[in-house]
Ligand SMILES: Nc1ncnc2c1ncn2[C@@H]1O[C@H](COP(=O)(O)OP(=O)(O)OP(=O)(O)O)[C@@H](O)[C@H]1O
Ligand SMILES: [Mg+2]
């Protein structure tokens with residue numbers, strides 16, 4: 001995790017998704033809970049953004065507002081610099097062509113009764129490829145599967161529930177590869193898989209960004225992962241962004257006490273893991 005990766009600067013490209021005073025309140029009166037509290041943000045084309053915060057800090061609530069699945073109580077979301085309009089069914093569907101999500105639990109994301117090839121075919125059809133010759137569709141599905149190290153030929157005729165958690169996560173990325181949204185929102189996509197699959201999935205997300213120029217919004221508890229993968233981090237505490245900026249700047253020189261605390265919870269953020277110093281007796 002310590003190597004420095006040379007990357008293009010994606011932090012000052014054209015605006016992709018922005019928010020001004022975005023707020024969400026659940027409940028009313030004395031029971032009102034301000035889950036997201038007047039946040040401002042600017043995400044750029046191709047930028048890899050992480051939103052980092054502890055459980056209950058408002059990350060999923062914010063993602064649902066970004067996706068248009070939850071209304072904002074106050075404030076405004078802008079898509080490509082213009083106020084987002086999802087007031088009609090048609091406009092909402094149009095917006096959803098531009099933004100897609102990967103959720104914590106991949107098993108909930110698929111229709112269990114559809115075989116994998118029909119899951120992937122749907123993606124091609126959603127992008128207007130219904131009339132392509134079948135051989136072309138197979139070629140596209142094969143390419144998408146090999147992008148995530150899956151073999152299309154071995155997946156046809158299987159159902160999603162026949163895959164392992166890690167394969168399922170990769171299938172989700174293959175779907176995104178075919179759908180090519182402008183924005184991918186990934187809410188803890190790695191929480192269900194082991195450390196090895198986790199770094200593979202993160203590398204695949206980075207490749208996806210490099211290959212397609214997609215903006216990726218990565219939601220996590222883990223500031224170490226955010227440091228490894230992102231251009232920009234937003235640190236969220238009690239519904240507010242307490243700090244944001246380039247990942248290196250924020251994590252190597254944190255200003256907010258909350259950020260400092262998150263960093264101190266990660267044993268060695270910029271050193272190699274040294275297993276020889278791990279006290280196995282204290283491992284719980
Ligand atoms: N539908 C809802 N109705 C009422 N309160 C909600 C609802 N969804 C979320 N909340 C509250 O909003 C706050 C933020 O929750 P949210 O799920 O956004 O946190 P999170 O940062 O995603 O947490 P986690 O890391 O555990 O997923 C919490 O206090 C939660 O109880
Ligand atoms: Mg959440």
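Every read-out reported here was derived from the displayed coordinates using simple, explicitly stated rules and does not represent laboratory data. Just so you know, these numbers come straight off a predicted model, no measurement behind them. Cβ atoms come from the backbone with ideal geometry, glycine included; neighbour counts cover every protein chain shown.
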_Contour excess over end-to-end distance, with Cα ends at residue 159 and residue 210 and 0.36 nm allotted per residue_ = 15.4 nm
*Tell me the Kirkwood hydrodynamic radius of the chain in angstroms, computed as one over the mean inverse distance between distinct C-alpha pairs.*
20.1 Å
_With a 10 Å cut-off between alpha carbons and a GNM built on the chain, which of 259, 61, 156 moves the most?_
156
*With the Cα gyration tensor of the range 1-105 giving a ≥ b ≥ c as the square roots of its eigenvalues, does the rule (a/c under 1.5 for rounded; else a/b larger than b/c for prolate; else oblate) give rounded, prolate or oblate?*
oblate
*asked:* Suppose we keep just the DSSP beta bridges with both residues in the chain; what percent of those would be antiparallel, to 5?
replied: 55 percent
*Return the FRET efficiency for the residue pair residue 74, residue 94: r is the Cβ-Cβ distance, R0 is 30 Å, and the value is rounded to the nearest 0.05.*
0.75
*What is the spin-label model distance, in nm, from residue 117 to residue 25 if the labels are put 7 Å beyond Cα along the C-beta direction?*
5.4 nm
